[in-house]
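**Q** The structure's right below; bear with me while I get my questions together.
The values are calculated or read from the model by the stated rules, or taken from the named source; none is laboratory data. Computed from a predicted structure; not experimentally measured. Every residue, glycine as well, gets a Cβ built from its backbone with ideal geometry; the counts of neighbours run over all protein chains shown. Ligands, DNA and RNA are stripped out before the accessible areas are found, and what is left, the full protein with its side chains, is counted by its heavy atoms. Shrake-Rupley method; radii C 1.70, N 1.55, O 1.52, S 1.80 Å.
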Amino acid sequence: MQRLDYGRLIVGLVALAVVIGVSWIVLEYLVPSPPSSVTIATGRKGTTFDYFGERYRARFARAGIELNVRATDGALENFRLLRDPKSNVQIAFTTGGISNRTQAPELLSMGLISNVPLWIFYLSSQSLDSLTQLKGKRIAVGPEGSGARHDAERILSRAKIDAKTATLLPLAGDGAVEALKDATADVALLVGGSDAPSVESLLNNPNVRLMNFSSADAFVRVFPDLVRLVLPKGVVQLDPPNPPDDITLVGTTAKVLILDDLHPAIIQLLAQTLKEEHSGAGLFQRSGEFPATDDPEYTISSVAVEYYRNGPSLLAKYLPLWRTTYVQRTIAFLVAALAIVFPVFGIAPRLYEWFVRQRFRQFYQRLRAIENALQERLTAAKAEALQAELDDIERSTITVPMRHSDLYFMLRYHLDRTRSRLIEASRDNQPSSFS
């Protein structure tokens with residue numbers, strides 16, 4: 001008996017382990033673990049996107065996620081990589097005016113992260129304030145296919161400046177800075193924030209000047225995705241003031257795009273990173289202005305919107321990223337288990353009652369068969385078989401639970417009645433001793 005109970009215990013434990021294992025596999029599909037690494041497309045070395053890509057990488061590393069930073073030619077290439085399944089790029093920097101949800105419905109936006117000025121630095125003792133003054137000059141506009149070049153060419157085109165009227169150099173970031181320093185370029189059009197190393201280097205270079213964009217108001221009317229920006233006098237250095245006067249600039253907006261199937265935990269980590277990196281005050285933004293969820297070109301990720309409004313989830317506040325997923329999965333498992341167990345607790349007693357009564361119906365069916373047999377003439381062998389059947393029914397009733405004693409005693413009563421009838425029928429069918 002002990003061996004039998006031990007065997008049943010082993011079978012029960014194995015069955016339980018199988019159920020838990022299958023349930024966990026199902027939850028792995030429904031609540032998948034976040035990937036251990038993701039890739040972001042940034043820009044060339046020295047650009048704003050490159051600068052923030054490295055800062056993002058450090059924040060992801062603290063959360064236990066490897067962020068692979070892929071250097072590119074800029075926003076246009078980033079957009080292409082994000083849409084290419086073979087590129088393994090899930091996150092990318094881009095700017096306004098490059099693409100929209102009609103072109104790429106599989107992409108979501110994490111929101112706008114900053115205003116991005118278009119800086120026009122030049123080597124000259126003369127002050128420049130008109131694009132037409134750049135004709136005939138060697139202008140670093142960025143490599144073919146880059147977002148910087150895209151913005152530079154459409155702005156220069158308004159002044160009828162192209163490869164025929166000027167020398168357009170495929171230089172950006174650190175390359176453009178070196179070209180100005182070496183005097184192999186006269187002008188550098190850079191797209192990036194004031195904290196980008198290339199921009200910061202040129203702002204502090206006494207041999208380089210920043211062009212005042214006097215026609216900025218006209219350009220923001222012609223190009224709705226552009227914004228008018230002002231670099232205040234003395235904001236770089238107070239004494240002597242750098243710049244010496246307020247400088248008007250035009251700029252675009254930077255944003256982060258993601259694939260719509262990116263893991264929610266990664267999206268939340270990215271939203272946290274964007275808020276920590278971009279919510280402060282800057283030369284061209286107020287504190288809390290970014291990240292902004294009013295991207296006119298793409299739908300904002302609902303996970304990102306929730307984070308920007310309410311901050312991290314309760315679990316994310318107190319648990320590491322990798323552990324949060326396991327806790328979510330465990331909660332989902334428990335909820336599903338309770339959803340199954342509670343109804344079972346309600347149904348199980350009724351189901352058990354039905355099984356017990358069904359068992360008694362089988363006893364009475366056998367008893368009815370004996371009653372029918374008693375209507376016929378009994379032979380000694382037949383009477384012995386019916387007696388054995390009654391004994392077997394009686395033995396089977398031993399395991400009836402105490403709570404069903406009423407059914408047990410009623411069956412025992414009918415068994416006794418049938419046994420008495422069998423005895424009488426056996427006597428009646430015995431041959432008489434007098435013949």
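**Q** If each residue of separation counts as 0.36 nm, what is the full-extension length gain between LYS45 and ARG359 once their alpha-carbon separation is subtracted? Before the final figure, lay out the partial values.
**A** Numbers: separation 314, 0.36 × 314 = 113.04 nm, distance 8.12 nm.
Length difference between fully extended and current span is 104.9 nm.
**Q** Here is a follow-up. Among 215-223, 60-68, what's the highest-first ranking by average C-beta atoms within 10 angstrom per residue?
**A** Working: 215-223: 14.6, 60-68: 16.2.
In decreasing order of mean packing, 215-223, 60-68 become 60-68, 215-223.
**Q** Going Cα to Cα from LYS233, which lysines come in below 19 Å? Please leave out same-chain ones fewer than 8 positions away.
**A** none
**Q** How high is the relative contact order of the range 101-190, in percent, with contacts defined as C-alpha pairs under 8 Å that are six or more residues apart? Show your work: numbers first, answer last.
**A** Working: 113 pairs, mean separation 35.8, N = 90.
This gives 40 percent for the range 101-190.
**Q** Net charge near THR252: determine it from the other residues with C-beta under 9 Å of the C-beta of THR252, scoring Lys and Arg +1 and Asp and Glu -1.
**A** On the way: positive: none; negative: ASP151, ASP225.
Cβ neighbours under 9 Å give a net charge of -2.
**Q** What does the accessible area of LYS135 come to, in Å² to the nearest 10, when a probe of 1.4 Å is used?
**A** About 100 Å², ignoring ligands and nucleic acids.
**Q** Right, another one. How many nm is it between the label spots at LEU351 and SER127, if each spot is 7 Å from the Cα in line with the beta carbon?
**A** Reported label-point gap for LEU351 and SER127 is 8.8 nm.
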